[in-house]
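Student: The structure under discussion is supplied below as structure tokens; questions concerning it will follow.
Since every read-out is calculated from the coordinates, none of them should be taken as a lab result. Everything quoted here is computed from the prediction, not taken from an experiment. Because the Cβ atoms are built from the backbone with ideal geometry, glycine has one as well, and the counts that use them run over all protein chains shown.
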Amino acid sequence: MNTQLVTGLHHVTALADDAQKNVDFYAGMLGLRMVKKTINFDAPDVYHLYYGNETGSPGTIMTFFPFPGMVKGRHGKGQMTVTSFSVPDTSLDYWLKRLKKFNIKHTEPQKRFEDEVFVYFEDAHGLGLELVFNKGDKRPGFSYGQIPIEHAVKGFYGVVLSEEGYERTAGLLLEGMDHKLLIEKGNRFRYSASGEPGDFVDILWTPESTRGLGGGGTIHHLAFATPDDNTQLEAREKLLSKGYHVTPVMDRQYFHSIYFREPGGILFEIATNPPGFAIDEAPAALGESLKLPPWYEKSRDKIEKGLQPIKVQTDKFMD
Ligand code: ZN
């Protein structure tokens, strides 16, 4: 049997500076749920904030390391440059009004691949984002009150990788990561493991552009989903056999992860779908208290004192 080892997107992790601005943008303006408030396991003085749908399903999870005062990075090739969120095609007017109300500068609606309408904008720290208005996404919306459910974000639509050359990254997606080429036009090549909105990976071939630089407002890594620990180990073996330098499995509490660099230089992760965010918090209370992995609990007091207090303020982001 030929099991699919990589099934789609899992999460996107980015760098930000001020944590409260980050919460206001993603949990307030965009209307995602904060599904986990924890720390960077490799740097416990920094938050790791997770946003997603009600449960934080793979394919809806946007995560941030907010480093106060972090210098801005630069968008460019060798970077994941855009994260696209999926909204219904009937929500264009709603979102244009909402972006205006909260003073978010954005492009005019534009068309791509015949029927895909999108607007591009950036978060408070310059991270590249899109809303893609489409009717192909069958996932239900979710809402925490400030956005009517019929207009709410459903999760990712896809991501954009800006690359100096596209062939080697395409080869990795096709031969190493169970993706298929869906469509190509001009310098944009769209791949997907599931073929569905939520899992689109666009390679944008931009040899002329400047190289990207990490920093505030840039993506740290892109995580793909694998069904479980066994498929993860198989995926790891497969990538090792193709010459990729893949890390051992790391316990990220809410999923297990392996990491490697794709040929264009972007950090890729493959994360397991289980156990998910309800492992240390009741589903109704996700994101409410600071969660630490067991090995940091003994330092809880010190860790809490070092973190800036933050609050989800949906009431400030009503229409
Ligand atoms: Zn990750």
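Student: Could you compute the net charge surrounding LEU307? Neighbours are other residues with a C-beta less than 13 Å from the C-beta of LEU307; K and R count +1, D and E count -1.
Tutor: Overall, the nearby charge balance is +2.
Student: Let me ask something else about it. Taking a cut-off of 25 Å between Cα atoms, list the lysines near LYS238, but don't count ones fewer than 8 places away on the same chain.
Tutor: Partners within reach: LYS180.
Student: How much mean residue ellipticity at 222 nm does the chain get from its helices, if each DSSP H run of length 4 or more adds -39500 (n - 2.57) and you divide by all residues, to the nearest 500 deg cm²/dmol?
Tutor: Working: 5 runs with 40 residues, N = 319.
Counting only the DSSP helices, I get -3500 deg cm²/dmol.
Student: Grab the beta carbon distance between GLN308 and GLU108, set R0 = 30 Å, and tell me the FRET efficiency rounded to 0.05.
Tutor: 0.25
Student: If you consider only alpha-carbon coordinates, what radius of gyration and Dmax does the chain have, in Å?
Tutor: Taking only Cα atoms of the chain, I get Rg and Dmax of 18.6, 56 Å.
Student: Another one. For every other residue with a beta carbon closer than 15 angstrom to the beta carbon of LEU161, add +1 if it is Lys or Arg and -1 if Asp or Glu, then tell me the sum. Let's see the in-between values first.
Tutor: Values: positive: LYS77, ARG168, ARG188, ARG190, ARG211, ARG261; negative: GLU130, GLU163, GLU164, GLU167, GLU184, ASP199, ASP202, GLU262, GLU269.
With Lys, Arg at +1 and Asp, Glu at -1, the net is -3.
Student: In the structure shown, do any of LYS21/LYS316; LYS72/LYS154; LYS97/LYS138; LYS37/LYS302 have a Cα-Cα gap over 19 Å, and if so which?
Tutor: Values: LYS21/LYS316 12 Å; LYS72/LYS154 29 Å; LYS97/LYS138 24 Å; LYS37/LYS302 16 Å.
Pairs exceeding 19 Å: LYS72/LYS154; LYS97/LYS138.
Student: Which aspartates and glutamates have a Cα lying under 12 Å from the Cα of LYS242, excluding residues fewer than 8 positions away in the same chain?
Tutor: Filter leaves GLU175, GLU262.
Student: Determine the dipole magnitude for region 130-273: charges of +1 sit on the beta-carbon of Lys and Arg, -1 on that of Asp and Glu, nothing else is charged, the reference point is the Cα centre, and the result goes in debye to the nearest 20.
Tutor: I would put it at about 180 debye.
Student: So in the chain, what percent of DSSP beta bridges are antiparallel if you round to the nearest 5? Please list the in-between numbers first.
Tutor: Values: 50 of 76 bridges.
That works out to approximately 65 percent antiparallel.
Student: Could you compute the net charge surrounding THR210? Neighbours are other residues with a C-beta less than 12 Å from the C-beta of THR210; K and R count +1, D and E count -1.
Tutor: +1
Student: A further question follows. Could you tell me the relative contact order of the chain? Use alpha-carbon pairs under 8 Å, at least six residues apart, and round to a whole percent.
Tutor: Numbers: 748 pairs, mean separation 83.2, N = 319.
It rounds to 26 percent for the chain.
Student: If r is the Cβ-Cβ distance from ASP319 to ASP89 and R0 is 25 Å, what FRET efficiency results, to the nearest 0.05?
Tutor: Calculated value: 0.80.
Student: How far, in nm, would the chain grow between TRP295 and MET250 when pulled straight, counting 0.36 nm per residue and subtracting the alpha carbon separation?
Tutor: Value of the extension gain: 14.8 nm.
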